[in-house]
Ligand SMILES: Cc1cc2nc3c(=O)[nH]c(=O)nc-3n(C[C@H](O)[C@H](O)[C@H](O)COP(=O)(O)O)c2cc1C
């Protein structure tokens, strides 16, 4: 069975990529992902704040999740300390590149274009095979227009695109009103891939402490339907490759996302909760299903269920929306 795929111009042995997460904080964990069959790894992000602020201030920016993933730590070495600062990040990236044969994608994460983006060059020099740019930003100011928000992404892409030769992907969020247009502009701006989607963390309120509870919750399985829909819509309309991130847990998710047009599917919560063995289980399920249905390759399936042949995707989506609502019958 040929599971190979091409993402950002990189030839990958299968469509499973470890998305940015604490799993890349140590070399041994990345090696263990490789040994379990992962095709590529995205490193945890180097944040704009880590580049622009000194070490004391950095402590203010807590790393994702803190100690809220007790179960996850049983699969991987304890990671109390990990390379955080910009130089340490680049050294760590080089060490990972030395240790594994799979492509390693570095991740740069910020909210406004600026000098910190120079680190893209450092990532390229440290051996990154590609770069993922994450512009996590929540538009809370009612005076800020959607054009201004989108402009941040376009400028960020242009700045990074101009400074490196390696492929550049952008991890975007779904809360953009004209997402297809936005994606097309990034495509025209030279992005090599879009990661759909960045999962915005949503804080809770702690009623006992009357405080904000920033604990991260893992995605639920049904959340893969959001990237599924958008990949099916965007795949026929863009040149760049598409990666699915959010809610990928099992081989059926991978099949659906690939059929919608994803070049790769990214795993984070599945790996954090079930450890590297989940990779082998997904690959086995994928291979068995494909063999039973006489598929020979992943490429053969890619995009087979996208909306290329749909003349009016908006009307199609609206029709399905009404059909879904009307199909529900409440109990008498
Ligand atoms: C503990 C944790 C740490 C993460 N760290 C990063 C990060 O450094 N950079 C980034 O772009 N995304 C980060 N993410 C987001 C994931 O890469 C992924 O996009 C998101 O969790 C949705 O995928 P999932 O449903 O497979 O978890 C993190 C997610 C988790 C749960």
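Structure notes:
- Taking other C-beta atoms within 10 Å as the exposure proxy, 192, 204, 187 rank 204, 187, 192 from fewest upward.
- The label point for residue 165 and the one for residue 320, both projected 7 Å from the Cα toward the Cβ, are 4.2 nm apart.
- Cα shape, the range 167-248, gyration tensor, a/c 1.5 rule: prolate
- Isotropically averaged projected area of the range 5-326, using the convex hull of Cα atoms (one quarter of hull area), nm²: 18.3 nm²
- Footprinting exposure proxy for 218, 328, 82 (fewest neighbouring C-beta atoms within 10 Å first): 328, 82, 218
- For the chain, calculated [θ]222 nm from helices alone, where every DSSP H run of n ≥ 4 adds -39500 (n - 2.57): -11500 deg cm²/dmol
- The relative contact order of the range 5-326 comes to 18 percent, based on Cα pairs under 8 Å that sit 6 or more residues apart.
- Cβ crowding within 10 Å ranks 305, 123 as 305, 123, fewest other Cβ atoms first.
- DSSP bridge analysis restricted to the chain gives an antiparallel fraction near 15%, rounded to the nearest 5.
Only the coordinates and a few stated rules stand behind these numbers; no lab work does. Just so you know, these numbers come straight off a predicted model, no measurement behind them. Please note: Cβ atoms are built from the backbone with ideal geometry, for glycine as well, and neighbour counts cover all protein chains shown.
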